[in-house]
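Trainee: Supplied in structure tokens, the structure appears directly below.
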Amino acid sequence: MDDASQGIVTAAFLVIGDEILSGRTKDKNIGYVADFLAMAGIDLMEVRVVPDIEARIVEAVNTLRGQYDYVFTSGGIGPTHDDITADSIAKAFGVSIDHDPRAMAILSAHYPPGEFTPARQRMARIPAGADLIENKVSKAPGFRIGNVHVMAGVPSIMQAMLDAIAPTLRSGRKIISQTVDADLPESRIADALRTIQGENPDVIIGSYPRMTDGRFSTQVVLRSRDAARLGPVAEAVEAAVAAARAIEAAKKA
């Protein structure tokens, strides 16, 4: 059974920019995109970060758009010489790129007379056949071509663009989660969790160790698209925690 028949919609997020890889700019978009897509019922399956190198952008876009339902990109659509994302996307799709009349009109109306400079006009260069993505913050639009959504890297602008495209996205069956807290180190329940996971492949079991006031504990998070499956698996995890706790108590007796 394929993803579509199971109501699963997948996505990848491609972060573009030398400044991210150098550490000069700290990424603030990955977590936001992950939360946004989860709320929309879209599974974020992969995140890549690539430099401002055309060949690397083209390769990543063409690989990801063939593997997932949606690809979202951030970065590289500003007015400077190193903003090469739009040209790279055009090359990936094998289409031409030029100043788009719709984008030119939006930006021309936004800037005062004489301030719509050639540099700013670069932001109106859109690959042929692409639809514009509205930008309520600074007006310079993103664009959508095929299943690829190209957005700004500035977090406030990217978030506004996500809001603009949200109604156009196909949602899948949302993943529901349930948490079981275990006041034990992760190692004490690891084998039991491995067994429970093997017996319940339709429920994703995540184990997250924590330390509070010098004491180790574990948070076990169960995820599934079927709410009815979470209860029985949670009960199995709780039973495993109780058994491990009894063993610990016996050791101390």
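The values are calculated or read from the model by the stated rules, or taken from the named source; none is laboratory data. All of these numbers come straight from a predicted model, not from anything done at the bench. Note that we place each Cβ from the backbone using ideal geometry, even for glycine, and neighbour counts take in every protein chain shown.
Trainee: Is it the case, given these coordinates, that Lys91 is within 23 Å of Pro155 (Cβ to Cβ) and either at pLDDT 95 or above or outside any helix (DSSP H, G or I) (or both)?
Mentor: Taking the combined requirement at face value, the residue does not satisfy it.
Trainee: Restricting attention to the stretch 28-50, report how many residues are in contact with a helix residue (DSSP H, G or I) (Cβ under 6 Å, 6 or more places away or on another chain) and either surrounded by 15 or more Cβ atoms within 10 Å (Cβ to Cβ) or not assigned by TED's automatic domain parsing to the domain that holds Val150 (or both).
Mentor: 7
Conditions (1) within 25 Å of Val47 (Cβ to Cβ); (2) part of a strand (DSSP E or B); (3) touching a residue at least 60 places away in the same chain (Cβ under 8 Å); (4) in contact with a helix residue (DSSP H, G or I) (Cβ under 8 Å, 6 or more places away or on another chain), marked per residue:
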residue	(1), (2), (3), (4)
Met104	no, no, no, yes
Ala109	no, no, no, no
Pro113	no, no, no, no
Gln121	no, no, no, yes
Lys136	no, no, no, yes
Lys139	no, no, no, yes
Arg144	yes, yes, no, yes
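Trainee: Could you pull out the residue among Arg65, Arg122, Arg48 that is touching a Pro at 6+ places or on another chain (Cβ under 7 Å), modelled with pLDDT of 95 or more and not small (Gly, Ala, Ser)?
Mentor: Numbers: Arg65 fails: touching a Pro at 6+ places or on another chain (Cβ under 7 Å); Arg48 fails: touching a Pro at 6+ places or on another chain (Cβ under 7 Å).
Matching residue, one of Arg65, Arg122, Arg48: Arg122.
Trainee: With a cut-off of at least 3 residues that are crowded, with 19+ Cβ neighbours inside 10 Å and in the same structural domain as Ala128 (by TED's automatic domain parsing), name the strands (runs of 3 or more DSSP E) lying wholly within the stretch 147-224.
Mentor: 148-151
Trainee: Within the group Asp2, Asp35, Asp27, Asp100, which residue is at pLDDT below 95, over 18 Å from the mean Cα position of the chain (by Cα) and at negative phi?
Mentor: Asp2
Trainee: Separate question: Could you tell me whether the stretch 64-86 includes any residue that is of a type in the set (D, E, K, R), assigned to a strand (DSSP E or B) and in the same structural domain as Ser138 (by TED's automatic domain parsing)? Spell out how you get there, then give the answer.
Mentor: Initial filter on the stretch 64-86 (of a type in the set (D, E, K, R)): 65, 69, 82-83.
Still in the list and also assigned to a strand (DSSP E or B): none.
Looking for residues that are of a type in the set (D, E, K, R), assigned to a strand (DSSP E or B) and in the same structural domain as Ser138 (by TED's automatic domain parsing), one finds none in the stretch 64-86, hence no.
Trainee: Same structure again: Test of understanding: among Val237, Val241, which residue is hydrophobic (A, V, I, L, M, F, W, C), in contact (Cβ under 8 Å) with a residue 60 or more places away in the chain and either under 22 Å from Ser177 (Cβ atoms) or out of contact with any Lys or Arg (no Cβ under 9 Å at 6 or more places or on another chain) (or both)?
Mentor: Val241
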